[in-house]
1. With every protein chain left in place, what is the accessible area per residue of the chain in square angstrom, probe 1.4 Å?
2. Carbon and sulfur together cover what percent of the accessible area of the stretch 1-133 at a 1.4 Å probe radius?
3. Looking only at the chain, where both bridge partners belong to it, what percent of the DSSP beta bridges are antiparallel (to the nearest 5)?
4. List the residues whose amide H sits under 5 Å from the amide H of ASP39, counting only those 5 or more places along or on another chain, with H placed 1.01 Å from N in the peptide plane.
5. Take the Cα atoms of the stretch 46-111, find their three principal axes, and give me the spread along each one in whole Å, biggest first.
6. What residue among ALA78, ALA23, ALA121 shows peak mean-square fluctuation when the chain is described by a Gaussian network model with Cα springs under 10 Å?
7. What whole number of Å gives the distance from the Cα centroid of the stretch 57-79 to the Cα centroid of the stretch 1-31?
8. For the stretch 17-146, place one equal point scatterer on every Cα, skip the solvent, and apply the Debye formula. What is log10 of I(q)/I(0) at q = 0.14 Å⁻¹?
Amino acid sequence: MTTDEIRDAAAGHLRSAGLRVTAPRLAILEAVTGNGHLDADAVHARVGVDHPGIPLQTVYNVLADLNAAGLLRRIEPAGSAALYESRIGDNHHHIVCTRCSAVADVDCIVGQAPCLAPSDAGGFVVHTAEVTFWGLCASCRQEAAA
């Protein structure tokens, strides 16, 4: 996909979500899309390459707007800053390295979303389950073995 095609797709997603298409929103959505799990500082650094005038507070505000609109997903692993990802709509889970804090996606454990069903939902209708696995990534295992 070319840069123009990516930008056009991002603009279409913003419009579909009822958001105005602005340079900061486009830049931030493009910075997160397909780039794993990024915190606001990492997004700000990526955006700053082409848009050095976008302040960090704008990045925080736009990330919140994109999350609220369902265009990005916010995850908050314990002990970590909030992370944002573009993989949405499939109720996947995450695994976090306890040594280096690397985060990876884990597909749904069993069955269809929400993957897990509580024994007693107390009258709630469950639509999402968030599961975080913790362990050592391959790189940290190799370093620990050395």
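1. 61 Å²
2. 52 percent
3. If we restrict to bridges inside the chain, about 65 percent are antiparallel.
4. Here the answer is TYR84, since their amide H atoms fall under 5 Å of that of ASP39.
5. The Cα atoms of the stretch 46-111 stretch 44, 30, 20 Å along their principal axes.
6. Looking only at ALA78, ALA23, ALA121, the largest GNM fluctuation is found for ALA121.
7. 15 Å
8. -0.73
The values are calculated or read from the model by the stated rules, or taken from the named source; none is laboratory data. Keep in mind that this is a model prediction, so the values were computed, not measured. To get the accessible areas, we keep the full protein, side chains included, count just its heavy atoms, and leave off ligands, DNA and RNA. Shrake-Rupley method; radii C 1.70, N 1.55, O 1.52, S 1.80 Å.
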